[in-house]
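Quick notes on the structure that follows.
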Amino acid sequence: MYTILDHIDSPADLKNLSIDQLRLLCSELRQYIVECCSSNPGHLASSLGAVELIVGFHYVFDAPGDKIVFDVGHQAYAHKILTGRREAFKTLRTEGGLSGFPRIDESPYDAFGTGHSSTSVSAAMGLAEAARLSGRKDKVVALIGDGALTGGLAYEGLNNLGDSDLDLLIIVNDNEMSIDMPHGGLHNHLLKLTTSNRYNSFKNKVWEGLGEHGLRHSLQTGIRSLKSWVVKDTGGDYFESLGLRYFGLIDGNDIEQVVNALVRIKRLKGPRVLHCVTKKGKGYAAAEADPVVWHSPGRFNPETGERLPGPRPADRYQDVFGQVLCELAEQDATVVGVTPAMASGCGMSVFGEKYPGRFFDVGIEEEHAVTFSAGLAAGGLKPFCNIYSTFSQRAYDQIIHDVALQNLNVTFCFDRAGVVGEDGATHQGVFDLAAYRSIPGMTISAPRNETELKNLMYTAFCRNEGPFIIRYPRGCGEGAPWKDAPFTELPVGKAECLLEGDTVAVIGIGPCVNRALEAAAEFPGKVGVYNFRFLKPLDEEALEHIARAYTHILTVEDGCLCGGLFGAVTEYMASGGHLIDIKGAGIPDEFIRHASQSAQKAAAGIDKKSLSNFLEKFLEIPK
């Protein structure tokens with residue numbers, strides 16, 4: 001079916017291809033990625049845009065000895081296909097199949113595991129230093145997008161790199177900034193000149209002859225000033241100011257330009273930057289036209305570009321959040337929204353459209369988002385800071401030091417809490433309950449449905465006292481009639497009894513409570529179900545009642561058992577001297593790999609069937 005791609009089983013198979021053949025290969029890679037992702041959804045637009053950069057790397061460098069480190073890894077699909085995983089790529093993001101991100105344990109060509117933003121420079125520096133200290137001649141390349149360059153960790157790495165002499169190439173994949181492609185002979189001449197063997201050999205000899213001080217310093221200052229003027233419109237002056245040699249701009253979707261630049265730059269030493277402009281969704285018209293939607297479009301018709309949305313039984317939690325935030329903002333002009341580059345994903349884009357002056361998308365900067373929110377709160381505003389649960393981990397210190405320690409009124413809405421499905425281990429939001437429970441003064445809550453999310457947001461809005469976490473899952477809710485429900489302020493730290501029993505008390509938090517309620521219905525009169533909306537403060541009065549009225553407790557949560565609800569209930573019962581049998585259903589002490597959300601919940605024992613079996617078999621309660 002594919003003229004070139006069908007014969008590529010490893011990067012070595014690229015080495016003898018002509019530029020025209022490489023160009024055809026890039027086209028076939030795009031076609032194959034689109035074909036596979038149309039029925040097996042993944043991150044499409046970013047991978048289509050980076051095809052030539054990846055083909056160029058594997059053509060010029062010698063992996064796996066030479067290493068490429070991806071940032072985030074959304075754009076790594078062509079890399080997986082070229083490194084012996086072409087057929088396995090059809091299993092991408094499915095249970096037992098390939099991960100959607102690079103993983104060290106998946107292939108020797110995956111030099112470093114990724115999934116979160118802005119890690120590539122630091123990781124690549126570590127690999128380059130390890131190669132040098134081990135006496136190896138490995139070349140190391142970091143591929144980072146302009147979006148990931150907004151992350152603080154990327155700046156830390158670049159700052160450290162500029163103060164080193166590591167043999168490391170940073171490829172900046174620029175696909176968002178409004179920069180016109182340079183044209184004309186001057187640009188092409190400058191790129192050839194600055195990367196040529198003759199130029200760099202001459203430069204090094206002159207440098208050695210000038211000595212450490214005096215004339216060398218003056219000449220260096222002059223060269224930097226001249227080069228800064230030449231490249232100031234490309235962003236190169238920034239990299240040069242950090243001590244990194246800058247090359248570019250080049251068209252990152254022109255394989256000939258990419259190969260020529262990499263061949264020349266590979267011969268150079270020291271830390272250097274190649275700036276490439278690419279187009280997200282390159283080669284697929286629908287993705288080019290709307291790369292935000294086609295970042296992760298779901299299933300679609302590859303011929304027409306028509307997206308094929310699956311059934312949506314209820315409103316998504318993210319849409320509830322966005323609409324409720326707008327309603328609260330209508331009531332109070334001090335309500336503001338903050339998100340680190342997740343506006344559409346978390347539902348805050350609707351708020352940004354309605355209240356643009358009160359909406360702050362700060363870029364991929366979770367730490368900044370939290371401390372910025374703290375400053376807003378200190379200034380008298382009511383910030384709702386929405387961060388995906390897995391990314392909130394990156395701002396742990398800021399949540400403690402800048403918000404909780406000062407008891408500032410910041411409402412944190414952690415979207416994608418619990419298991420997230422096909423994105424896998426790097427994106428699971430299962431650590432938040434345990435991570436934040438230890439912080440003094442923190443209120444931690446989780447709704448069991450859409451209406452409860454609405455009311456918890458209203459409760460945080462009314463309380464106006466210290467940090468308040470609301471965490472909720474990815475995807476659709478339970479179908480609760482939240483739109484027609486009036487705002488109700490919930491009593492903080494109070495649970496509700498949904499079902500009485502006399503033997504087993506199921507204590508749940510979040511949507512798991514609904515599955516527990518369904519399972520308990522099979523054991524009438526035996527199983528009680530309690531909705532602990534708040535992990536902190538914990539409803540001790542309810543726990544005392546449970547300790548007196550039941551002989552067994554089963555905690556249920558879509559978070560890790562270590563330190564979460566199970567830990568909190570067990571600690572309380574032990575410290576109070578209550579001799580009661582306690583078991584927990586939740587995420588085990590391991591990283592959960594990619595699969596469907598339903599499969600992950602079943603494996604963790606928090607779906608209805610598992611909970612029913614648990615109650616029957618382990619607690620010996622007949623149905």
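The values are calculated or read from the model by the stated rules, or taken from the named source; none is laboratory data. None of these values were measured; they are calculated from a predicted model. Cβ atoms come from the backbone with ideal geometry, glycine included; neighbour counts cover every protein chain shown.
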Among residues of the stretch 83-106 being under 30 Å from Ser164 (Cβ atoms) and in contact with a His (Cβ under 9 Å, 6 or more places away or on another chain), the residue surrounded by the most Cβ atoms within 10 Å (Cβ to Cβ) is Phe101
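Matching residues to (1) surrounded by 16 or more Cβ atoms within 10 Å (Cβ to Cβ); (2) touching a strand residue (DSSP E or B) at 6+ places or on another chain (Cβ under 7 Å); (3) within 30 Å of Trp482 (Cα to Cα); (4) modelled with pLDDT under 95:
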residue: Leu242; (1), (2), (3), (4): yes, no, no, yes
residue: Lys282; (1), (2), (3), (4): yes, no, no, no
residue: Pro309; (1), (2), (3), (4): no, no, yes, yes
residue: Gln318; (1), (2), (3), (4): yes, yes, yes, no
Considering every residue within the stretch 381-394, establish whether at least one is free of Cβ contacts under 8 Å to residues at least 60 places away in the same chain and part of a helix (DSSP H, G or I). yes
Which condition breaks for Leu127 when tested against (1) of a type outside the set (Val, Ile, Thr); (2) under 30 Å from Lys601 (Cβ atoms); (3) in contact (Cβ under 8 Å) with a residue 60 or more places away in the chain; (4) not in a loop (DSSP other than H, G, I, E, B)? (2)
With respect to the numbered conditions (1) buried (at least 22 other Cβ atoms within 10 Å of the Cβ); (2) at negative phi; (3) touching a Leu at 6+ places or on another chain (Cβ under 8 Å), which one is the sole condition not fulfilled by Ser118? (2)
In this structure, does Val529 turn out to be outside the structural domain of His427 (by TED's automatic domain parsing), surrounded by 20 or more Cβ atoms within 10 Å (Cβ to Cβ), over 23 Å from the mean Cα position of the chain (by Cα) and not in a helix (DSSP H, G or I)? yes
Quick one: how many residues across the stretch 418-452 are in a helix (DSSP H, G or I), surrounded by fewer than 24 Cβ atoms within 10 Å (Cβ to Cβ) and among the hydrophobic types (A, V, I, L, M, F, W, C)? 3
Residue satisfying all of: in the stretch 540-599; in a strand (DSSP E or B) and in contact with a Pro (Cβ under 9 Å, 6 or more places away or on another chain); farthest from Ala519 (Cα to Cα) among these: Cys560
Output the strands (runs of 3 or more DSSP E) that fall wholly within the stretch 260-376 and possess 2 or more residues being without any contact (Cβ under 8 Å) to a residue 12 or more places away in the chain, or say none. none
Just to be sure I understand, how many residues within the stretch 463-482 are loosely packed, with under 15 Cβ neighbours inside 10 Å and either under 20 Å from the mean Cα position of the chain (by Cα) or closer than 27 Å to Leu408 by Cα (or both)? 2
